[in-house]
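The structure under discussion appears below in the form of structure tokens.
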Amino acid sequence: MSLEALNQLLEKGQLDDFMGLFDQALRGGGDVSQVFDLSRRLCDSLPMHRTLETLKRDPAAQRLIAERALMPKPQLEELLALPRGSVGRTYGGLLQGLHYDPGFYPDPAYFNNLATDADYVNYRTYATHDLHHVLTGFALDTTGELGVISVSIRQYGCPAFAFLALTSLFASWMASPVLYTPGQPDAERVLTARYRLELIDRGMAIGDAAKPLFALDWPNLLSRDLEELRQELGVEPLREGPGSWYSRPELMAALG
């Protein structure tokens, strides 16, 4: 940020608001409701306006936003009944292995009943978020979060995700007690700014190479073979390291 830009920020009296967002993003690592609220606070921001411009360049995304198409909340039993190796069966197996709720994201009412295009983008971003984890191979916990949100950042901006990535990177650079060293244990490696930057970089690369993911017709893709869909979409998933769900023996066992 230039000195001139910082001066303008101070003159506009926005510094308190910025620091409030920064604090909320930091707390969002341990409380997903903080992340949802951060998205609402950025709903009318300049970054969100740019996000909408980007998404509406894609006719499928533009149509989806205009229609306010809802995502049906998945039922774990239905997911687990799908063919082994399918998107939905993998999704259900991961959720079951982690004891996660497949319907974790808020209802439309939380996002102002989808009154604006930005409200809808926030709603759909969270409604499809875990499916992006499945598709890209990034772990469904805080270890893989920076990678998967970077896919969305690269493809359409996503203000809350961008703010979270920058905040996480800054916090690890300023406060992590661990220095990156080759061959260190994964438990230490994931705390370093360097590894977090690697996850961001990998997520950006996946988002850059892949076809647009925002408007995918997920309900009709759940029965598709996961590897075939990845190939079709140009997604090369993360398959190794602590940031990948492939590296978790208990999850691979849950998938059979």
Query raised in the report: So E198 clears everything in (1) surrounded by fewer than 16 Cβ atoms within 10 Å (Cβ to Cβ); (2) without any contact (Cβ under 8 Å) to a residue 60 or more places away in the chain; (3) in a helix (DSSP H, G or I) except one condition, right? Which one?
Result: (1)
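Results for (1) of a type in the set (D, E, K, R); (2) farther than 30 Å from D44 by Cβ; (3) open to solvent by 10 Å² or more (accessible area, probe 1.4 Å); (4) under 18 Å from the mean Cα position of the chain (by Cα), shown as yes or no for each residue.
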position	(1), (2), (3), (4)
G137	no, yes, no, yes
V190	no, yes, yes, yes
A209	no, yes, yes, yes
P212	no, no, yes, yes
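Would it be correct to say that F36 is at pLDDT below 90, among the aromatic types (F, W, Y) and more than 20 Å from A162 (Cβ to Cβ)? Before the answer, list the steps.
Numbers: at pLDDT below 90: yes; among the aromatic types (F, W, Y): yes; more than 20 Å from A162 (Cβ to Cβ): no.
Answer is no for this residue.
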Query raised in the report: In the stretch 205-228, how many are part of a loop (DSSP other than H, G, I, E, B) and of a type in the set (F, W, Y)?
Result: 1
Query - Qualifying residues in the stretch 46-85 (those that are among the small types (G, A, S), closer than 17 Å to N220 by Cα and in a helix (DSSP H, G or I)) - the one least open to solvent (accessible area, probe 1.4 Å) - result: A61
Query raised in the report: Are there any pairs with C-beta distances below 6 angstrom linking a residue in the stretch 142-167 that is under 11 Å from T51 (Cα atoms) and touching a residue at least 24 places away in the same chain (Cβ under 8 Å) to a residue that is surrounded by 22 or more Cβ atoms within 10 Å (Cβ to Cβ) and aromatic (F, W, Y), with the two at least 6 apart or on different chains, and if so which?
Result: S152/F161; I153/F161
**Report entry** From the options L146, L114, residue that is open to solvent by 10 Å² or more (accessible area, probe 1.4 Å), out of contact with any Phe, Trp or Tyr (no Cβ under 6 Å at 6 or more places or on another chain) and among the aliphatic types (A, V, I, L, M)
**Finding:** L146
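The values are calculated or read from the model by the stated rules, or taken from the named source; none is laboratory data. Keep in mind it's a predicted model, so treat the numbers as computed, not measured. Glycine also receives a Cβ, built like all others from the backbone with ideal geometry; neighbour counts cover every protein chain displayed. When the accessible area is computed, the model is the full protein with side chains, heavy atoms only, and any ligands, DNA or RNA have been set aside. Shrake-Rupley method; radii C 1.70, N 1.55, O 1.52, S 1.80 Å.
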